[in-house]
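The structure under discussion appears below in the form of structure tokens.
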Amino acid sequence: MENEIKNLVSLLKQTFEKGAWHGPSVQEALEKISESDAFKRLPHTHSILELIAHMTAWRIYAIKKLEGDSAYQVTADLNFPEVKNWEEAVQRLKESQQLLLSALEIFPAKKLSEQVPGKETPLTYYTLVHGIIHHDLYHTGQIMLIEKANSTQTF
């Protein structure tokens, strides 16, 4: 299990920072986004800025749980918070990466198979960390589609 923490840290770094096998990492996808494009949206979607804030909210959730905060929840206001500053939102997302890595690196490997407290649906810490990775990549795909559509349309 000790190696599993190292594997999770490595996977978080690859999918968020660089070196993802599937294509652009979160950061690599965001490098292509201009501040003006961050506010644009397609019909029935959130803006890229809103998606970044949403990703950060759930990363904070994972950090809090890894740190032992059983009461922390993502409220409706936190799930898609109102954000207005692109640079600040991206900075908060990047900071969440460092906080998540720090929390995971000191997390006891033997607890990875334990249930996350305060969760209605059973969820292990192992699944939580993998879920954050999947969540990031899902929304990164959305961001890339929104950016591509915006670059081919005039608004």
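Miscellaneous remarks
- Taking a straight Cα-Cα cut-off under 15 Å and skipping sequence neighbours fewer than 8 places away in the same chain, the aspartates and glutamates within cross-link reach of Lys110 are Glu2, Glu4, Glu67.
- Footprinting exposure proxy for Lys64, Lys148 (fewest neighbouring C-beta atoms within 10 Å first): Lys148, Lys64
- Summarising the amide proton neighbourhood of Thr124: residues at separation of 5 or more, or on other chains, whose placed amide H is nearer than 5 Å comprise Val116.
- When each of Lys18/Lys40; Lys13/Lys65; Lys6/Lys40; Lys111/Lys148; Lys13/Lys64 is checked by Cα-Cα distance, pairs over 30 Å: Lys6/Lys40; Lys111/Lys148
- Globularity ratio of segment 1-140, using Cα Rg and 2.2 N^0.38 Å: 1.06
Each value in this text was obtained by applying a stated rule to the coordinates, not by laboratory testing. Everything numeric in this text was worked out from a predicted model, so none of it was measured. Using ideal geometry, Cβ is built from the backbone for each residue, glycine included, and neighbour counts are taken over all protein chains shown.
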